[in-house]
Amino acid sequence: APSAPMNLQLDDVNDDSVTLTWDAPENVGPSGLDGYVVEYCKDGTTNWVAANNKPFLSTRYVIRNLTSGDKLHIRVASVKGDDMSDPAVLEQPVLVREILEHPKIRLPRHLRELYMKIVGEAVNLMIPFRGKPKPQVTWTKDGQPLDPKRVSVRNSERDSIFFIRGAQRTDSGKYEMTVKILDELEDKVIINLQVIEKPGPPENLKLLDVWGFNVALEWSPPKDNGNAELKGYTVQKADMKTKQWFTVLEHYNRTNCTVSDLIIGNTYSFRVFSENPCGLSEKPAVTKDVAHIKKSVTVCKSHKFNCRDFSEPPKFTQPLTDRTTTRGYSTQLVCSVRGFPMPKVIWMKNQMEIREDPRYLAITNQGVCSLEIRKPNPFDGGVYTCKAVNPFGEASVDCKLNVTATDSGNMCKPI
């Protein structure tokens, strides 16, 4: 079954009809409602009469053809198929008679939420309302009558003026204004007044630690918050040379912090203010001790560097290979050697060192040794040796070079 309609209210009454309004129920089911049923019965009886023959979907309904002077109990129920919800019932019976205008308070927007005033300020509120005949206006504070020594109220046909000359914290509370007509129709509003002042300073401010460029601070909340929730704390620092205060943190919500980026060699003092919607506390909490930022001494300990010995006797990583070439065509002998220090490379032919001879070009680059033999003839054939020597030893590799004569019948002469 669906749930009951919500916020059932009386919208209008005259000599022969009653107008009702309500909100849809929270639970209407996946397929929705078939509508609503409105019923009423006379005060003192239990004979409920259906005002509508079949369900309807509107959330406003007018019960017509009523008898003036009857006092009626009214209820509305949600309908889905054969299921009917528990009814929503008007709290008070309705007297069927002409009411020119129902009571309605027009509360200004800024009074619908928490209304704050500072201690000593005047509270002057004008609350307009409507209703005929002239409504009866009453005020209460936290459910009790107002203290005429603290609050003045002046009512007219269209508004009510609420006045406090100099507000004090004891004036804070929930003020309820009620506008009533004929002891049956009424409207109520609640004004939540909070009178605040600046908070007291934080308690027990301590300088916990100093390290490097940093200082750690800690404190406790103030004993008096000024009758308002704290918005945070403001932390300031001062160099003892200039004694000028600079803000480090604003609207800070914790009761401990770390102040960084301090200057080496300077001495600092710190203070903390409390803050609420009225502003910062009149006095701050100041640290008893000062923080001196000392220059850290760094001792450099040199470690003995063990040089690695890269010394190595010569060693051929790529040997020479035997070659056969043709007379008149230049050829190259190539090998590679390693060693440290870099070995001296000596080329030999048939165990005879090759010295400055234009027919030979010896090149050594990054351990690659090459010997170019320009336009060899058969007499250049033989055993070639590459010898590498450094202070730690020597090594050599050999190869055999054959130079063949040119076949004049099949090959061209070299240029």
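The values are calculated or read from the model by the stated rules, or taken from the named source; none is laboratory data. Computed from a prediction, not measured in an experiment: that's the story for all the values here. No Cβ is skipped: glycine too gets one built from the backbone with ideal geometry, and neighbour counts run over all protein chains shown. We work out accessible area using only protein heavy atoms, side chains counted, and drop any ligands, DNA or RNA first. Shrake-Rupley method; radii C 1.70, N 1.55, O 1.52, S 1.80 Å.
Annotations for the structure displayed:
- 28 Å Cα-Cα reach of Lys174 towards lysines, excluding residues that sit fewer than 8 places from it in its own chain: Lys104, Lys117, Lys132, Lys134, Lys141, Lys149, Lys188, Lys198, Lys223, Lys231
- Within the accessible area of the chain (1.4 Å probe), percent carbon and sulfur: 48 percent
- Cβ-based net charge around Tyr384, under 14 Å, with every Lys or Arg adding one and every Asp or Glu removing one: -1
- Taking amide hydrogens as placed 1.01 Å from N in the peptide plane, the amide H of Leu262 sits under 5 Å from that of no residue at least 5 positions away in sequence or on another chain.
- Residues listed by number, region 364-389, amide nitrogen under 17 Å from Phe340 label point at 7 Å toward C-beta: 366-368
- Relative contact order of the chain, taken over Cα pairs closer than 8 Å and 6 or more residues apart, is 9 percent.
- Taking GluC sites (Glu not before Pro) as exposed when their DSSP state is a loop state and no more than 16 other Cβ atoms lie within 10 Å, the longest site-free interval of the chain runs over 283-355.
- Nitroxide proxy distance, nm - points 7 Å out along Cα→Cβ at Glu356 and Thr170: 12.2 nm
- Nitroxide proxy distance, nm - points 7 Å out along Cα→Cβ at Thr45 and Met240: 9.4 nm
- Counted charge near His251, where neighbours are those whose Cβ lies closer than 15 Å (Asp, Glu -1; Lys, Arg +1): -1
- Database remark: amide H of Thr326 closer than 5 angstrom to the amide H of Thr404 (H placed geometrically; neighbours at sequence offset of 5 or more, or on other chains; Pro and chain starts carry no H).
- Beta bridges by DSSP in the chain, antiparallel share as percent, to the nearest 5: 95 percent
- J(HN,Hα) series, region 239-254, from Karplus relation 6.51 cos²θ - 1.76 cosθ + 1.60, nearest Hz, glycine and proline x: 6, 5, 6, 9, 6, 9, 8, 10, 6, 9, 9, 10, 6, 8, 9, 8
- Point-to-point label distance, Asn14-Met126, nm (Cα→Cβ direction, 7 Å offset): 3.3 nm
- Rounded to the nearest 20 debye, the dipole size of the chain about its Cα centre is 2660 debye, using +1 on the Cβ of Lys and Arg and -1 on the Cβ of Asp and Glu.
- For Leu8, the residues 5 or more places off, or on other chains, whose built amide H falls under 5 Å of its own are Asp23.
- Net +/- balance of residues flanking Gln136 in space, Cβ distance below 13 Å, scoring K and R +1, D and E -1: -1
- Sites Asp398 and Lys304, calculated FRET efficiency, Cβ-Cβ separation with R0 45 Å, nearest 0.05: 0.45
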